[in-house]
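Novice: Following this message is one structure expressed as structure tokens.
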Amino acid sequence: MQLFLAQFCGDQDVLTALTKEDLNYRPRNETGLFNPFKDFALGGVYGAKHFIKSVIGKKKKFYNHIPACLVKERLPKKIWDTYFKFCFERNPWDKTVSDYFFQNYFRGTNISFEKYIQRGQFPLNSLLYTENSKSSRPIVDFIGKYENLSEDFSKVCEIIGIPFKGELGYSAKANIRDKKHYKEFFDQNAKQKIEKIFFKEIQMHKYNF
């Protein structure tokens, strides 16, 4: 999606670096000064961890998967208020399986799904589009569903006025994931663990196993 939208962006737009390079993609305007103390707006331990990463890890002003509340803090108010803001969410059980394969690929490991579940490091994305880590209130204008990607992205493109023919033409995680249905990876304990951890997202988007 990021690669698709990049072709419509100008020199003044922000494009963050990708983990996989593409010859036609040029990151730009992702660096700059910002107040790392604003990271505490995320709330609790999550906000403190982001503050440490911003100061010690020297994070860029904008980066992939930056929480929306930090984007709001780092953009001029007029831009935040007038731009259409959207994101996409995914069934938590399906997303967990996808993340399992991505983490093994990215880290060069081959741990079992059972050990991945036991490790407990899951892609909790509601933190990226809500007011803060303690809130369920979205601060973006539209949350599409991965399960309805083409239809929901068509709605986005219609709103922002760019052409979309139903295909993005690029998949960042192609050939990484096993083709089995996500339900085949879960026993009852793992299923219930994901249900508990992703409770906020499940309630917000009416997901079920």
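Novice: Would you kindly give the portion of the calculated P(r) for the range 133-209 that falls above 19 Å, as a percent of all Cα pairs?
Specialist: Details: 1685 of 2926 pairs.
Every Cα pair in the range 133-209 considered, those over 19 Å come to 58 percent.
Novice: Taking +1 at the Cβ of each Lys and Arg and -1 at the Cβ of each Asp and Glu, which of ASN132, THR82, ASN24 sits farthest along the dipole of the range 1-151 towards its positive end, judged by Cα position relative to the Cα centre?
Specialist: Towards the positive end, the residue furthest out is ASN132.
Novice: Using helices alone, I'd like the mean residue ellipticity at 222 nm for the chain: each DSSP H run of four-plus residues gives -39500 (n - 2.57), total over residue count, nearest 500.
Specialist: Values: 10 runs with 86 residues, N = 209.
One gets -11500 deg cm²/dmol as the mean residue ellipticity at 222 nm.
Novice: May I ask you to order 24-30, 8-14, 94-100, 120-126 by the average number of other C-beta atoms within 10 Å around their residues, highest value first? Each step should come with its number before you reach the end.
Specialist: Working: 24-30: 13.6, 8-14: 10.6, 94-100: 20.4, 120-126: 15.3.
Result, highest mean Cβ count within 10 Å first: 94-100, 120-126, 24-30, 8-14.
Novice: If N is the number of residues in the chain, what value comes out of its Cα radius of gyration divided by 2.2 N^0.38 Å?
Specialist: On the way: Rg = 17.8 Å, N = 209, 2.2 N^0.38 = 16.8 Å.
That ratio works out to 1.06.
Novice: When SER133, SER150 are ordered from fewest to most other Cβ atoms inside 10 Å of their Cβ, what list results? Can you show the working numbers first?
Specialist: Values: SER133 19, SER150 12.
Ascending number of Cβ neighbours within 10 Å: SER150, SER133.
Novice: Let me ask you something else. Residue separation times 0.36 nm, minus the C-alpha to C-alpha distance between HIS205 and THR82: what's the value? Present the calculation step by step, with values, prior to reporting the outcome.
Specialist: On the way: separation 123, 0.36 × 123 = 44.28 nm, distance 2.54 nm.
In short, 41.7 nm is gained.
Novice: Moving on. Please list the non-local residues whose amide H lies under 5 Å from the amide H of GLU30, H modeled 1.01 Å from N, same-chain partners needing a gap of 5 or more.
Specialist: Amide H neighbours of GLU30: LEU15.
Novice: About its Cα centre, how strong a charge dipole does the chain have in debye, to the nearest 20, once Lys and Arg get +1 and Asp and Glu get -1 at the Cβ?
Specialist: For the chain, the charge dipole is close to 680 debye.
Novice: Points 7 angstrom from Cα along the Cβ direction at ILE197 and CYS157: gap in nanometres?
Specialist: Output for this residue pair reads 3.4 nm.
Novice: For VAL140, VAL55, what's the fewest-to-most ordering of other Cβ within 10 Å of each Cβ?
Specialist: Details: VAL140 15, VAL55 12.
Fewest to most other Cβ atoms nearby, the residues stand as VAL55, VAL140.
Novice: Additional query: Beyond 16 Å, what share of the Cα-Cα pairs of the range 62-139 is found? Please give it as a whole percent.
Specialist: 61 percent
Novice: Also, quick follow-up: So how strong a dipole does the range 107-209 carry about its Cα centre when Lys and Arg Cβ are +1 and Asp and Glu Cβ are -1, to the nearest 20 debye? Numbers along the way, then the final one.
Specialist: Working: 18 positive and 13 negative charges, 90 e Å.
With only Lys, Arg, Asp and Glu charged at Cβ, the dipole is about 440 debye.
Novice: How do GLU131, GLU201 rank when sorted from fewest to most other Cβ atoms within 10 Å of their own Cβ?
Specialist: Going from sparsest to densest Cβ surroundings: GLU131, GLU201.
Novice: Please give the residues of the range 175-193, grouped as numeric ranges, whose backbone N is less than 19 Å from a label point set 7 Å along the Cα-to-Cβ vector of PHE101.
Specialist: What the label zone holds, given the 19 Å backbone N cut-off, is 175-187, 191.
Any read-out appearing in this document is the output of simple, stated calculations on the displayed coordinates, not a laboratory observation. A quick note: this is a predicted structure, and the numbers were derived from the prediction, not measured. Virtual Cβ from ideal backbone geometry, glycine too; neighbours counted across all protein chains shown.
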